[in-house]
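The structure under discussion appears below in the form of structure tokens.
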């Protein structure tokens, strides 16, 4: 089955152009809950890395990754994985490097993951 047809069936939309009025309907994470995308209280660093890696791989295959990332940046989402980026990665993209230039390499690393 063509992906467009399947997405429209899942969303209940009649026309393809109606589908993208709400990009979240097509997101890979829609039915997954927030387990992979948001930190838990008391989460250890190694657990966080595994969870974030899993979330980013879900995002990497998502048809609406760009819509999600743009939403997170436009609405200044500070927590969670949105569009394959963590809150700190989005802050780096949004705010730019520190005045002393230390974050320059970090921004390049974030951009290389996109």
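Bear in mind that the values in this text are calculations on the coordinates, not laboratory data. As the structure is a computational prediction, the values presented were derived from the model and not from experiment. A quick note on method: Cβ atoms are made from the backbone with ideal geometry, for glycine too, and the neighbour counts reach across all protein chains shown.
Given 0.36 nm per residue, what is the gain on full extension from residue 95 to residue 48 after removing their alpha carbon distance, in nm? Write out the running numbers ahead of the final one.
Numbers: separation 47, 0.36 × 47 = 16.92 nm, distance 2.35 nm.
So the extension gain works out to 14.6 nm.
The fewest-to-most ranking of 79, 67 by surrounding Cβ atoms within 10 Å reads 79, 67. Exposure proxy for 24, 91, 69: other Cβ atoms within 10 Å of each Cβ, ordered fewest to most, give 24, 91, 69. Ranked by how many other Cβ atoms sit within 10 Å of their own Cβ, fewest first, the residues 82, 23 fall in the order 23, 82.
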